[in-house]
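Right, one structure below, let's go through it.
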Amino acid sequence: MTNQQGSPQPQNSPDTANDELRQRFAQVRSEVAKAVVGQDAAVTGLVVALLARGHALLEGVPGVAKTLLVRSLSTSLSLDTKRVQFTPDLMPGDVTGSLVYDAKAGEFEFRQGPVFTNIMLADEINRTPPKTQSSLLEAMEERQVSADGVTRALPVPFMVAATMNPIEYEGTYMLPEAQLDRFLVKLVLDIPERETEVDVLRRHANGFNPRDLAAAGVTPVLTADDITAAQDAASAVGVTDAVLMYLVDLARATRQSPSVRIGVSPRGTTALLAATKAWTWLTGYSSITPDHVQAMLLPVWRHRVQLRPEAELEGVSVDAILTSVMQQVQVPF
């Protein structure tokens, strides 16, 4: 028996504390569904990124509830969230914070920017120049901000959830590879199916207000301490040498594909390992299986592969290449 992601159902676990944590993470999806309809896969991807201490890039056309999804998730997790609208005139100090002169004290003091939060929502991250985009690099990689020779730690847990419009190019800036590589997963939010869209309209017809999550009934089911405990438990998930070799073989296959200009780097394999550990823990297993790897491969690697120009002209997609790689690489038993 398998779940929707294709992984076998877990066996009974003797670890009662972990079981309770997993059940409460399962409740997160129900809480978010009170405000966001039809995005269960994206909710799971965000939870996996958080458990793996990673960051998430959400791609979708305007109006598919990317921002509402992040706000609803943070509410259900009892986490502080700050939203930054990335614009062409946004400066690095507007994100990380800056020194401000205190006339009363007669000295400069550091005023924290919105990055000092648990979940930072970077809305339309590709609308700001690379200089401001790069202000997030240290925060995303080192979980800290350096200013005026002083390093300040960010809150724990910490995650950047950035949104991006895939079809609008005027007034946007391509995300540098170094920036893309900092995101653990790239989640694609599609236009909902007909019945789902009808459900969305039905909710609005009944008075749903996306700016009032409390009225929608979204309530916290986890705390920051619970999330930290779950992160530690996920990182302790076991993995065999056979599965590690499978990860490497998959990455090497992307580099050898004739349609690929740049394949998955070693950082990409470690990212897939971390995300797979988180997904394995969520499904109740103590050790990674190849099914868990395959379930996480697309969201973790789709933004790490660059196609050759001729492949792009032919309409080849990265997801199709990665799916082909999974079909070709031998699965360990």
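Observations, loosely collected:
- The chain: equivalent-ellipsoid semi-axes (sqrt of 5 x gyration tensor eigenvalues, Cα, Å): 31, 25, 23
- Straight-line cross-link reach from residue 277 at under 26 Å between alpha-carbon atoms covers these lysines, not counting any fewer than eight positions away in the same chain: 66, 186.
- Cα-only Debye scattering, the range 158-266: base-10 log of I(q)/I(0) at q = 0.24 Å⁻¹: -1.32
- A 1.4 Å probe run over the protein chains yields, for the range 85-179, 50 Å² of accessible area per residue, whole-number rounding.
- Accessible area, probe 1.4 Å, largest first, for residues 183, 108, 333, 208: 333, 108, 208, 183
- Estimated inter-spin distance, residue 261 and residue 177, nm [label 7 Å along Cα→Cβ]: 0.9
- Pairs of alpha carbons in the range 138-222 whose separation is greater than 21 Å (percent): 61
- Using a probe radius of 1.4 angstrom, the carbon and sulfur fraction of the accessible surface of the range 83-156 is 49%.
- Approximate spin-label separation residue 83-residue 286, in nm, with each point projected 7 Å along Cα-to-Cβ: 4.4
- Estimated FRET transfer efficiency when R0 is 30 angstrom, pair residue 195-residue 320 (beta carbons, to 0.05): 0.65
- Per residue, the range 228-333 exposes 46 Å² of solvent-accessible protein surface, assessed with a 1.4 angstrom probe and all protein chains in place.
- Computed [θ] at 222 nm, helices only, for the chain once each DSSP H run of length n ≥ 4 contributes -39500 (n - 2.57): -13000 deg cm²/dmol
The values are calculated or read from the model by the stated rules, or taken from the named source; none is laboratory data. A quick note: this is a predicted structure, and the numbers were derived from the prediction, not measured. Using ideal geometry, Cβ is built from the backbone for each residue, glycine included, and neighbour counts are taken over all protein chains shown. Side chains included, ligands, DNA and RNA excluded: accessible areas come from the protein's heavy atoms. Shrake-Rupley method; radii C 1.70, N 1.55, O 1.52, S 1.80 Å.
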